[in-house]
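First up is the structure itself, then whatever we jot down about it.
The values are calculated or read from the model by the stated rules, or taken from the named source; none is laboratory data. Predicted model only: the values in this text are computed from it and were never measured. A quick note on method: Cβ atoms are made from the backbone with ideal geometry, for glycine too, and the neighbour counts reach across all protein chains shown. The area values use the complete protein model at the heavy-atom level, side chains included, leaving out ligands, DNA and RNA. Shrake-Rupley method; radii C 1.70, N 1.55, O 1.52, S 1.80 Å.
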Amino acid sequence: MKKVALITGASAGLGVEFARQLSKRGHRLVLAARRKDRLDELAKALGNARAVAIDLSKANAAAELLADVEAAGEQVDLLINNAGFGLIGRFAELDAMRERQMIDLNVGVLMDLCRAVTPQMIKRKGGGIINVASTAAFQPGPNMAVYCATKAFVLSFTEALHEELKPHGVKVSCLCPGPTR
């Protein structure tokens with residue numbers, strides 16, 4: 001099995017920068033996001049990456065992504081959970097289905113991916129996970145109530161996972177950036 005860094009939300013912003021930085025360090029990359037054209041362009045430019053066009057907000061998408069990784073003979077050595085989105089507006093006025101999709105992606109998929117890769121990392125006594133939250137994780141956010149709550153979950157979950165996995169040689173960190181292009 002080839003060890004790879006799996007980056008979700010890799011077609012824009014922080015995801016692209018994670019890919020560039022890890023590529024420079026010699027990591028083999030699996031880039032996952034919805035925008036196939038952007039992923040293919042980035043994978044080609046980096047040379048040591050492959051693209052998986054997938055909408056992680058769809059049901060069972062995390063399992064499909066990991067099945068793709070396994071079918072390619074790859075093993076996740078570094079997981080960067082960067083996929084996510086936010087909505088701005090009054091809670092009672094935002095689209096309830098879209099808010100639920102945000103919870104499912106920002107929280108559910110992130111947790112599913114962590115859960116899927118940690119047993120092998122524990123077994124190998126090594127690996128790493130970076131979960132991307134936000135400065136929004138540190139305070140309630142009127143007009144962004146659900147988004148801020150999802151990021152608070154990511155921070156709390158990551159801190160707990162850090163403590164659980166530390167004795168097994170698995171490093172877990174949470175990145176909490178402010179507004180980012």
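Checking each residue in region 22-45 for being of a type in the set (D, E, K, R) and open to solvent by 80 Å² or more (accessible area, probe 1.4 Å) picks out Lys24, Arg25, Arg28, Arg34, Arg35, Lys36, Asp37, Arg38, Glu41, Lys44. Selection over region 67-85 of residues that are surrounded by fewer than 18 Cβ atoms within 10 Å (Cβ to Cβ) and either among the acidic types (Asp, Glu) or farther than 15 Å from Ala12 by Cα (or both) gives a count of 7.
When region 167-181 is filtered for residues that are among the hydrophobic types (A, V, I, L, M, F, W, C) and either out of contact with any helix residue (DSSP H, G or I) (no Cβ under 6 Å at 6 or more places or on another chain) or over 18 Å from Asn106 (Cα atoms) (or both), the ones remaining, listed by number, are Val170, Leu175. The residue list Leu78, Leu66, Leu56 contains one member that is touching a residue at least 60 places away in the same chain (Cβ under 8 Å), under 19 Å from Phe157 (Cβ atoms) and touching a Leu at 6+ places or on another chain (Cβ under 9 Å), which is Leu78.
Could you please let me know if Gly128 is buried (at least 16 other Cβ atoms within 10 Å of the Cβ) and either in a loop (DSSP other than H, G, I, E, B) or among the hydroxyl-bearing types (Ser, Thr, Tyr) (or both)? When the stated conditions are applied, Gly128 does not pass them. Looking across region 85-118, just one residue is under 12 Å from the mean Cα position of the chain (by Cα) and either of a type in the set (Phe, Trp, Tyr) or modelled with pLDDT under 95 (or both), and that is Phe85.
Among residues of region 137-181 being of a type in the set (Gly, Ala, Ser) and modelled with pLDDT of 95 or more, the one that is least open to solvent (accessible area, probe 1.4 Å) is Ala137.
Tallying residues that are β-branched (Val, Ile, Thr) and either without any contact (Cβ under 8 Å) to a residue 12 or more places away in the chain or more than 17 Å from Glu64 (Cβ to Cβ) (or both) within region 1-43 yields 1.
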